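K.L.:
Take a look at the following structure, please.
The values are calculated or read from the model by the stated rules, or taken from the named source; none is laboratory data. Computed from a prediction, not measured in an experiment: that's the story for all the values here. Glycine also receives a Cβ, built like all others from the backbone with ideal geometry; neighbour counts cover every protein chain displayed.
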Amino acid sequence: MLANQNDIVEDGSPDGRIGFEVDGTTLTVRDVIEGERMEFRVDREPELSPALPELFPLPVDGAVSFEAESLTVAEYTSIAVRDAEGEFIEWPNEPTEFPRGTYCIDITGVTKASLRLEDAELSVSGIEGPDPIEIALARPATVSLGARSLHSRPEATITVPDDPEALAEAVSAMGSSIREFSAERSWPTLRGYPPRIRRGESLDIPSPLTAPDTGVEVVVRPTYADVYRLSTLAYYLGARMAIGEEPAIRLDTGYTERLPTDGRGLEERAEELLRTWFFLDTLVRTDGYTLSDRDEYDQVGAQLPFYPPNLDGLSPSERLMEYLEVSPETVAPYTPEWSTEAVLRPGPASAELLPHLAHVLAPVRVRGSVEQTRAGDSVGLTTADRPTNGPESSPRDDDPVPDPDADSIPAWTAATFPSAYEHALRRTSPSAGEANVALLVRSADRARHLREALTTPSLAAGVGSLSVLETPTADVVADVLSDSSIDLLYCDLPLDGDVSVVDSDPVESPHRVGTDGRSAPAVTVFEGGRRVAVGIDTVRRGGTGSAVIDGRVPDDQLRTLVELLSSVGLPLDTTLATLRLPGRPSVQFAGDASTNVVPPNPPTPRLVFVESETESKHRLTWRTVLSPASWLGAEHQILYDCFDEKTRLVGRDPTERPMVSSEVVADCSTEPDTTLFLNGKFMSPTVDLTVEDVEESARGALAAEDSDGGDSAELRRESE
């Protein structure tokens, strides 16, 4: 909607994702889905009129035009200048003047905005400091402003009855969140969050949601298993899902790609096609909206039967015809690992997970049975990040895919529920430095050590309030495990699978825990547990994710765990995989294993592991982490001289491990976007290392290695 004080004008946007409001000289872009607002200050009160979204080279959800001579925007994260056709000109890093012409200026902040300036001479200033950025024109002119929701949450809910054919229709509409079906759809911000799916009495697809007209059709048999196995691929392709006798992909070119009819063969082929086609899309887009000089392009481009940018103007079906000429084995070595993989039960309860899995492009497999499902069982399993050289996480049989019907889930695997993702969508993350952290500790002695570790020399980074509750009573335990204001809870009490405290001293009346059934801390970590049921309970009652560790987290690593979760914003599974826990204990998860306590800072977490080989020479390893703020398709660039300047897909990191000086390591610790581990020890964001600090760490690590015959070096490598 356009709001000019009390006057309302329709903006022509059929889905209502973006609104515009005027209050004096302030023009506000309102992201309806996100509930966020981006403000522009105009040199005069703008009189808004609808503008065509087609004016903009990048997709927008709504647009307006008005007259102005200058605009300022106070809060933004990046700005890019393009020409009238969308060709990238530059990222202005300092005040810049542009000669007369037509320009499109992309501004990223709490939402995506784009300014189109026709036949204008302009200057951009304020970029170097904290002041608002100003865009000034040589004379008043018509300015068009378009905006696109970041769409990091569903905009609507589809209701489906317990009928796989109806579910196939619902899956057809999941692609309505994707802004376009060129190769640019491989950017996560252009895919959006698919609409929810909820079970109900009848099929109801809200009117703003429609199946995309891509000319691609995915044929499935009328079974839940087939619909599940092909759901993520259908979503990414924007394909209509149709019922047929044999699985296939039909293109409007007249070609049909037949798919295996056996279940395991079908899911393997679906994953193979998704991986290949997604990756090839990321190569085709390299000359598109965001220019990139990609490392993967250099490695695989010469092996392809086509020049990727030449496919940019083809229809989806025509592009897939070209992609089918590429062997999956050609691209597999260069693609990132999936951030999530899922194993679902073949019943209707799993349907509600599909949008959340499609959002992260998770391949879906089907195992287990509906008949053996017991009350309280999860609807499926998902993978979790795991430590390098860590414990075996899959059953040792002919099928490496875990079975939801097994008596226990494998290590580094999550029992998953739709409610975990819904709880995350409803929760408001704490602001930076304000995480509410609580610890339930069985002994006064350990409580004293943990309190000291988390407050000395200062309160752990990211923590706003800390409660260390020693030898708690049953009432205290029940209250804490039902406290939704807690962002992170760590518990070392002996809890059994029924969420009952089994140690009668000091806790009594154990069945009081979680009796309200309504709320729980956001993220929970249980130490010394062997069954994931305690984590499942907290997720069902309101949590987003929980971990159960069959072992102990040393006192001196509790601060690291808290800071990685509450300050850096690492996912829960990555945090635990990064810790060097003694004995390599088994870790199981409930809910979303990649849940965050706070949003990652930066949005793409960057981990740097440094291993000293001499006092002044150190081996450096780099890793990026896929997270809710940076899913598959994003790119990153390493701006260190010891690496090339190529961009890479997030989740795929350089294989080289360069040797660097102590000065480079010290500089790494001052970078706000780097999380540094020096000889296995996490360097808090509050610490800026000196060269002397680095070399002191090196001397200690090398001395320890000499004294234990090399075991310390092995542990350091495992932490990477």
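K.L.:
Could you give every pair whose Cβ atoms fall below 6 Å, whose first residue belongs to segment 270-284 and is at pLDDT 95 or above, and whose second residue is of a type in the set (A, V, I, L, M), counting only separations of at least 6 or pairs across chains?
P.N.:
Filtered contacts from segment 270-284: A270/L230; A270/L233; L274/L233; T276/V331; F279/V331; D281/A183; V284/A183; V284/L311.
K.L.:
Another one. Can L237 be described as within 25 Å of the chain's Cα centre (by Cα) and over 30 Å from D83 (Cβ atoms)?
P.N.:
On the way: within 25 Å of the chain's Cα centre (by Cα): yes; over 30 Å from D83 (Cβ atoms): yes.
For L237, the condition - within 25 Å of the chain's Cα centre (by Cα) and over 30 Å from D83 (Cβ atoms) - is met.
K.L.:
Separate question: Here are some residues: V160, V124. Which one is among the hydrophobic types (A, V, I, L, M, F, W, C) and over 30 Å from the mean Cα position of the chain (by Cα)?
P.N.:
V124
K.L.:
Residues in segment 208-225 that are assigned to a loop (DSSP other than H, G, I, E, B) and under 24 Å from V370 (Cα atoms): how many?
P.N.:
Qualifying residue count, segment 208-225: 3.
K.L.:
Follow-up. Here are some residues: S292, S315. Which one is more than 25 Å from P363 (Cβ to Cβ), among the polar types (S, T, N, Q) and out of contact with any strand residue (DSSP E or B) (no Cβ under 7 Å at 6 or more places or on another chain)?
P.N.:
S315
K.L.:
What strands (runs of 3 or more DSSP E) completely inside segment 518-617 contain at least 2 residues that are in contact with a strand residue (DSSP E or B) (Cβ under 7 Å, 6 or more places away or on another chain) and within 19 Å of S669 (Cα to Cα)? Outline the logic, then answer.
P.N.:
Details: elements: 523-527, 545-549, 587-591, 606-612.
Because the criterion is at least 2 residues that are in contact with a strand residue (DSSP E or B) (Cβ under 7 Å, 6 or more places away or on another chain) and within 19 Å of S669 (Cα to Cα), the strands (runs of 3 or more DSSP E) in segment 518-617 that meet it are 606-612.
K.L.:
Moving on to the next point. If I ask for residues that are farther than 30 Å from Q299 by Cα, β-branched (V, I, T) and not in a loop (DSSP other than H, G, I, E, B), which ones from segment 238-255 would you list?
P.N.:
Result: I243, single match.
K.L.:
Among the candidates T290, T256, single out the residue that is more than 30 Å from G368 (Cβ to Cβ), surrounded by fewer than 21 Cβ atoms within 10 Å (Cβ to Cβ) and modelled with pLDDT of 95 or more. Give the steps one after another, and end with the answer.
P.N.:
Working: T290 fails: modelled with pLDDT of 95 or more.
Residue meeting the stated conditions: T256.
K.L.:
Here is a list of conditions, (1) surrounded by 16 or more Cβ atoms within 10 Å (Cβ to Cβ); (2) more than 28 Å from the chain's Cα centre (by Cα); (3) not aliphatic (A, V, I, L, M), and P336 meets all of them except one; can you say which number that is?
P.N.:
Of the numbered conditions (1) surrounded by 16 or more Cβ atoms within 10 Å (Cβ to Cβ); (2) more than 28 Å from the chain's Cα centre (by Cα); (3) not aliphatic (A, V, I, L, M), the odd one out for P336 is (2).
K.L.:
Any idea how many residues of segment 43-67 are of a type outside the set (A, V, I, L, M, F, W, C) and either part of a strand (DSSP E or B) or crowded, with 22+ Cβ neighbours inside 10 Å (or both)?
P.N.:
First, the residues of segment 43-67 that are of a type outside the set (A, V, I, L, M, F, W, C): 43-47, 49-50, 53-54, 57, 59, 61-62, 65, 67.
Then keep just the ones that are either part of a strand (DSSP E or B) or crowded, with 22+ Cβ neighbours inside 10 Å (or both); that gives 46, 49-50, 61-62, 65, 67.
Adding up the residues that qualify gives 7.
K.L.:
Shifting gears a bit: Please find, among E322, E337, E296, the residue that is in contact (Cβ under 8 Å) with a residue 12 or more places away in the chain and over 30 Å from E87 (Cα atoms).
P.N.:
E337
K.L.:
Moving to a separate point now. Looking at V610, V562, V553, V568, can you tell me which residue is more than 22 Å from the chain's Cα centre (by Cα) and within 26 Å of V694 (Cβ to Cβ)?
P.N.:
Working: V562 fails: more than 22 Å from the chain's Cα centre (by Cα); V553 fails: within 26 Å of V694 (Cβ to Cβ); V568 fails: more than 22 Å from the chain's Cα centre (by Cα).
Exactly one of V610, V562, V553, V568 is more than 22 Å from the chain's Cα centre (by Cα) and within 26 Å of V694 (Cβ to Cβ), namely V610.
K.L.:
If you check S202 against the conditions, is it modelled with pLDDT of 95 or more and surrounded by fewer than 17 Cβ atoms within 10 Å (Cβ to Cβ)?
P.N.:
On the way: modelled with pLDDT of 95 or more: yes; surrounded by fewer than 17 Cβ atoms within 10 Å (Cβ to Cβ): yes.
Yes: the conditions hold for S202.
K.L.:
In addition: In the set P305, P247, P333, which member is modelled with pLDDT under 95 and in the same structural domain as E165 (by TED's automatic domain parsing)?
P.N.:
On inspection, the qualifying residue turns out to be P333.
K.L.:
Please go through segment 639-658 and pick out each residue that is surrounded by fewer than 14 Cβ atoms within 10 Å (Cβ to Cβ) and either among the aromatic types (F, W, Y) or touching a Cys at 6+ places or on another chain (Cβ under 8 Å) (or both).
P.N.:
Scanning segment 639-658 gives no hits.
K.L.:
Here's something else I'd like to know. Tell me which residues, restricted to segment 412-435, are within 13 Å of L466 (Cα to Cα) and surrounded by fewer than 21 Cβ atoms within 10 Å (Cβ to Cβ).
P.N.:
G433, E434
K.L.:
Another question, if that's okay. Specify which of the listed residues (S172, S177, S125) is within 30 Å of V42 (Cβ to Cβ) and among the polar types (S, T, N, Q).
P.N.:
Testing whether each residue is within 30 Å of V42 (Cβ to Cβ) and among the polar types (S, T, N, Q) leaves just S125.
K.L.:
Next question. For segment 436-450, name all the residues that are hydrophobic (A, V, I, L, M, F, W, C) and buried (at least 21 other Cβ atoms within 10 Å of the Cβ).
P.N.:
Hits for segment 436-450 are V437, A438, L439, L440, V441, L450.
K.L.:
Restricting attention to strands (runs of 3 or more DSSP E) lying wholly within segment 94-167, give those where 3 or more residues are of a type in the set (D, E) and in the same structural domain as E67 (by TED's automatic domain parsing).
P.N.:
112-125
K.L.:
Name the single residue that is modelled with the lowest pLDDT among those in segment 1-42 being among the acidic types (D, E) and not in a loop (DSSP other than H, G, I, E, B). First the steps, then the outcome.
P.N.:
Taking segment 1-42 first, the residues among the acidic types (D, E) are 7, 10-11, 15, 21, 23, 31, 34, 36, 39.
From what is left, the residues that are not in a loop (DSSP other than H, G, I, E, B) are 7, 21, 23, 31, 36, 39.
Values: D7: 32, E21: 95, D23: 96, D31: 95, E36: 93, E39: 95.
My answer is D7.
K.L.:
Please work out which residue is nearest to V331 (Cα to Cα), limiting yourself to segment 264-289 and to residues that are out of contact with any strand residue (DSSP E or B) (no Cβ under 9 Å at 6 or more places or on another chain) and of a type in the set (V, I, T).
P.N.:
Among residues in segment 264-289 that are out of contact with any strand residue (DSSP E or B) (no Cβ under 9 Å at 6 or more places or on another chain) and of a type in the set (V, I, T), the one nearest to V331 (Cα to Cα) is T276.
Results for (1) within 26 Å of D162 (Cβ to Cβ); (2) among the small types (G, A, S); (3) not in a helix (DSSP H, G or I); (4) not assigned by TED's automatic domain parsing to the domain that holds P628, shown as yes or no for each residue.
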| position | (1), (2), (3), (4) |
| --- | --- |
| P206 | yes, no, yes, yes |
| E257 | no, no, yes, yes |
| P260 | no, no, yes, yes |
| A270 | yes, yes, no, yes |
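K.L.:
OK, next. Filter the helices (runs of 4 or more DSSP H) completely within segment 342-457 down to those with at least 2 residues that are modelled with pLDDT under 95 and of a type outside the set (A, V, I, L, M).
P.N.:
Fully inside segment 342-457 and qualifying: 418-426.
K.L.:
Can you pull out the residues in segment 424-459 that are among the polar types (S, T, N, Q) and within 19 Å of L564 (Cβ to Cβ)?
P.N.:
Here is the first cut: in segment 424-459, the residues among the polar types (S, T, N, Q) are 428-429, 431, 436, 443, 455-456, 458.
Selection gives S429, S431, N436, T455, T456, S458.
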